[in-house]
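**Q** Please find one structure pasted underneath; my questions will follow.
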Amino acid sequence: MSRRITTLLLAFAIPSSACAKSIWVLHGLGSTQLSPCEVVLWWPGVVFHNRTAADATVVMLHVSNQSVPAIPQPPPAPIKISAGTSFALLGSALGIAQYDVPDALGIEGRMELQGTSICALGQPPGGRFTKIRMPVFTRLVPPGEEQVHYGTDLAGSDVRINVGIYNAGAQWANATIAVVQAFCSGPTLTQSAAIPPDTFVQVGLPRVPRCGSSYTVVTVDQPSLSLVSTLSNTASPAATAAVTGGD
């Protein structure tokens, strides 16, 4: 009897260790115009790192901000990631992508930025080129639960904030944004937004009062995700350092 129980436990343990989990990431292509002739292009996406000795499979489950086609489309084919390799996935249209990913894979959310001129015809893209780390979400936030984003400041610089919100529900969502500056005088900056179903939007707060420490609270009445970008109003997007920690 004990041998039979041990065999059953092993049979259940093997699939559970290889089971997949759902993740949500921002992907696509966007742009920000800095001047009449200068644009910053940005590509958010995800990189999967297979550090194991076995091949792995990633499945795209869903992408937001998609209109319903007249003819149903087949689901995307599973993506095979060979043992000991990495694989980057970028989308063409901005939205939130949901993937099924084996637990053994490493995941890196990232956004690449490149400055380019739109006035010089025939000139290849160039200028600044950098990347920033992006969040990888492992759950949808239930309706009404506060999503708190700490450190949404640039050490007292003049900034603007872009709040990205994904309404994962089947109905329109009402979202409330509050920028809290606990160590600075002045009222809390608030803004609201209405978001269509299964849609990712960005809500801009073009000028936030200077403060050395602030955080942003996002509350949505539908299942959702949110992310906050803090950008300088006096300098072009760039990064000159990156700090990481081991896993």
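**Q** Just checking the chain: which Cys have no other cysteine's beta-carbon under 4.7 Å?
**A** By the Cβ distance rule, which asks for a partner under 4.7 Å, the isolated cysteines are CYS19.
**Q** Exposure proxy check: PHE183, PHE129, PHE87, PHE200 ranked by fewest other beta carbons within 10 Å?
**A** Ordered by Cβ neighbours within 10 Å, fewest first: PHE183, PHE129, PHE87, PHE200.
**Q** For the chain, what's the radius of gyration and Dmax over Cα atoms, in angstrom?
**A** 21.1, 79
**Q** Also, I was wondering about something else. Subtract the Cα-Cα distance of LEU231 and SER157 from 0.36 nm times their separation in residues, and report this length gain in nm to one decimal.
**A** Full extension from LEU231 to SER157 adds 25.7 nm.
**Q** Further question on the same structure: Using only Cα atoms, tell me the angle between helix 2-17 and the longest principal axis of the chain; keep it within 0 to 90° and round to the nearest 10.
**A** Helix 2-17 sits roughly 30 degrees off the main axis of the chain.
**Q** Listing TRP172, TRP43 from the residue with the fewest other Cβ atoms within 10 Å to the one with the most, what is the order?
**A** Arranged by neighbour count, lowest to highest, TRP172, TRP43 become TRP172, TRP43.
**Q** In which sequence would ASP158, ASP153, ASP198 go, from the one with the fewest C-beta neighbours within 10 Å to the one with the most?
**A** Least to most surrounded, the residues fall as ASP158, ASP198, ASP153.
**Q** Along Cα→Cβ, 7 Å out, is where each label goes; now give me the distance between the ones at ALA242 and LEU34 in nm to one decimal.
**A** 1.9 nm
Read-outs: derived from the displayed coordinates by stated rules, not from any lab. Just so we're clear, the structure is a prediction, and the values are computed from it rather than from any experiment. Cβ atoms come from the backbone with ideal geometry, glycine included; neighbour counts cover every protein chain shown.
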